[in-house]
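One structure is given here, and the rest of the page talks about it.
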Amino acid sequence: MGIRSFFLCILWLVAYGVCQAQSLEETYRNFKQQAYSDYTSFREECNQKYVEFLRNSWSWYEGKAPLPVPEEESPVPPRPYNGENGLPDIDTKPVEITSIDNNPQPKPIEPIREIPNPNQDYFTLCFYGQKCCIRLPEFANLSLQDCHPNSIAAGWEKLCNDDMNNAIRDCLETRLRYNLCDWAYLMFLNQLAQQYCNNHNGATLLTAFLYCQSGYQMRLAVDESKLILLYGSRHQIFDKGYFNVNGSSFYPLGELSNSISICGAAFEGETPMSLIIDKEQLLGVDMSSERTITADRYTDMSIGSYVPQKLIEFYDTYPTSALDGNPMTRWAMYANTPLAQKTKDKLYPSLRKYIAERNKLQAAEMLLNWVQTGFVYEYDDKVWGHDRAFFAEETLYYPYADCEDRSILFSRLIRDLLDLDVALIYYPGHLATAVCFDQEVSGDAMIIGVRKFIVCDPTYIGAPVGAQMPDLEYDKAQAIVLNK
């Protein structure tokens, strides 16, 4: 081959390579465009189907009576330790809990693409002390003058616009940034919509749209001239009327009549909310006034504590709920919620100082007496007018605490400070705790499966580890083993 032919061959190969590269790049662009088109058409298809449902799929439903929070007919009062113990070990029936899991929170049926718009303004609100900025377009300020199905469908169709993508993304980013549980996220969306919209029905529709597009299960309902959002829940909620729609329970966000018209259609990929709080809710920075809690037996064990004020306000909105249809599991919802980090930073160094150089049994004795004697006992019905269990921070905040509140707090301290397994022990009229020690410990015990849990009763005042309050219905005791 001559030199000229050689260079011509090289030029041909280069040109072929360029053409191939251009062809591959074009193929990739076409693939990317097609994928985006499929994604876009899928979202649009789901929303357009739902718009049609909003026009046509409404039926009348009768509400179901609220499930009352179970109340003990004869709550067992606190009593001082009288030296009695040495009861035989009790083979305790464990309460089966299968709904506590690590399932991720609901998410949109497809990723929400950000729409570049440097001129889009942010709407700012303060949610429990946290500044939140959301890019809401002007057309999201809906005004529904009536609740006719065609008006609701038209409002939904108006929101099905790419310019809403940034709003949905900002809402989901807010959920992530502040660890918002499902209940907190719904409260956030509702506050956002109520502040942004000048019309109640428009705000409800905006809340429903953002909640639905975030992946959550909901239904829209009409109560006379008022639009209502119904949310689905994986767990039974007490003291809240509900509606059974195609075998699923839906609860109203707000109050409404007993008979309403509901659009019963499901949205693609919807997921009911969970009321489990598995992460600290990062709400506000203001702390409550410091409170000093002192143990009777260890008089130098006088420890200051405070809690996030906005977290207390949020907990006051939290609905009491149960897992797996068993009302006793409601205590696990509170006990498994982690303690706020700022409260731990204030409380735990002092507690660790007092239990340092002690074995775990001795440390548990000190923590037990601190909870037994540092809080004033009072019945819920006298303080609240109804049964109301506390998250651990609430026991540290409010002036009174009953047996369930003390047990929840004590269980949190033992798991966090001693890394031991704990169970709540339910007797009719009373709630206590039991600890699975990693050393031989004598005293009254509960056998849960093949493990031995030593009774620690925060309401048996002055009682040591291993002392069970007398005259309880031991044969009816049940155990709720908590997450560590």
Distance in nm between pseudo-label sites at residue 65 and residue 473 (7 Å out along the Cβ direction from Cα): 2.2 nm
If one takes the longest principal axis of the Cα atoms in the chain, at what angle in degrees, from 0 to 90 and to the nearest 10, does the Cα axis of helix 200-213 lie? 90 degrees
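List 212, 436 from most exposed to least, where exposure is judged by having the fewest other Cβ atoms within 10 Å. Walk me through the numbers before you get to the answer.
On the way: 212 27, 436 18.
Fewest to most other Cβ atoms nearby, the residues stand as 436, 212.
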Evaluate the distance, in nm, between pseudo-label points positioned 7 Å from the Cα of residue 93 and of residue 79 along their respective Cα→Cβ axes. 2.4 nm
Nearest 10 degrees, 0 to 90: helix 403-413 Cα axis against the chain principal axis: 70 degrees
Compute the helix-to-body angle for 341-355: its Cα long axis versus the longest principal axis of the chain, expressed 0 to 90° and rounded to tens. 30 degrees
Return P(r) of segment 387-484 (all Cα-Cα pairs; 10 Å bins starting at 0; whole %; ordered from short to long distances). 16, 52, 29, 3
Which of the lysines could be linked to residue 226 by a straight reach, that is with a Cα gap under 26 Å, when you skip same-chain ones fewer than 8 residues away? 49, 64, 158, 240
Could you list 282, 192 so that the one with the fewest beta carbons within 10 Å of its beta carbon is first and the one with the most is last? 282, 192
Over what distance in Å are the Cα centres of segment 339-390 and segment 117-194 separated? 40 Å
Starting from the Cα gyration tensor of the chain, multiply each eigenvalue by 5, take the square root, and state the resulting semi-axes largest first in whole Å. 52, 31, 21
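Compute the normalised compactness of segment 84-232: alpha-carbon radius of gyration over 2.2 N^0.38 Å, N being the residue count. It would help to have the intermediate numbers written out before the result.
On the way: Rg = 20.0 Å, N = 149, 2.2 N^0.38 = 14.7 Å.
Compactness ratio reported: 1.36.
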Give me the mean projected area, in nm² to one decimal, of the convex hull enclosing the Cα positions of segment 245-351. 10.8 nm²
Near-label residues of segment 462-477 by backbone N, under 20 Å of a point 7 Å along Cα→Cβ of residue 324: 476-477
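Based on the Cβ-Cβ distance from residue 382 to residue 344, what FRET efficiency comes out when R0 is 30 Å, to the nearest 0.05?
So the FRET efficiency works out to roughly 0.45.
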Pair residue 226, residue 125: separation of 7 Å Cα→Cβ label points (nm): 1.9 nm
The answer for GluC sites (Glu not before Pro) in segment 276-326 that fall in a DSSP coil and have at most 12 neighbouring Cβ atoms within 10 Å is 290
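For segment 147-239, run through the trypsin sites (Lys or Arg not before Pro) and keep only the ones in DSSP coil with at most 12 other Cβ atoms within 10 Å of their Cβ. The partial results should precede the final answer.
Working: sites: 158, 169, 175, 177, 219, 226, 234; in loops: 234.
Sites meeting the loop and neighbour criteria: none at all.
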Sequence gap of 8 or more, or different chains, plus Cα separation below 18 Å: how many lysine pairs satisfy both in segment 286-440? 5
Quote to one decimal, in nm, the extra length available between residue 161 and residue 299 on full extension: 0.36 nm per residue of separation minus the C-alpha distance between them. 43.2 nm
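Just to check, using Stokes-Einstein with a Kirkwood Rh over alpha carbon pairs, what's the diffusion coefficient of segment 178-234 at 20 °C and 1.002 mPa s in µm²/s?
Details: Rh = 11.6 Å.
Approximately 185 µm²/s, per Stokes-Einstein.
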Candidate aspartates and glutamates for bridging to residue 476, where Cα separation is under 15 Å - those fewer than 8 sequence places away on the same chain excluded: 72, 89, 91
Can you give the Rg and Dmax of segment 347-413 based on its C-alpha atoms, in angstrom? 13.1, 44
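Read-outs throughout are calculated quantities, based only on the coordinates presented, and are distinct from any laboratory measurement. No experiment lies behind these values; they were computed from the predicted model shown. Because the Cβ atoms are built from the backbone with ideal geometry, glycine has one as well, and the counts that use them run over all protein chains shown.
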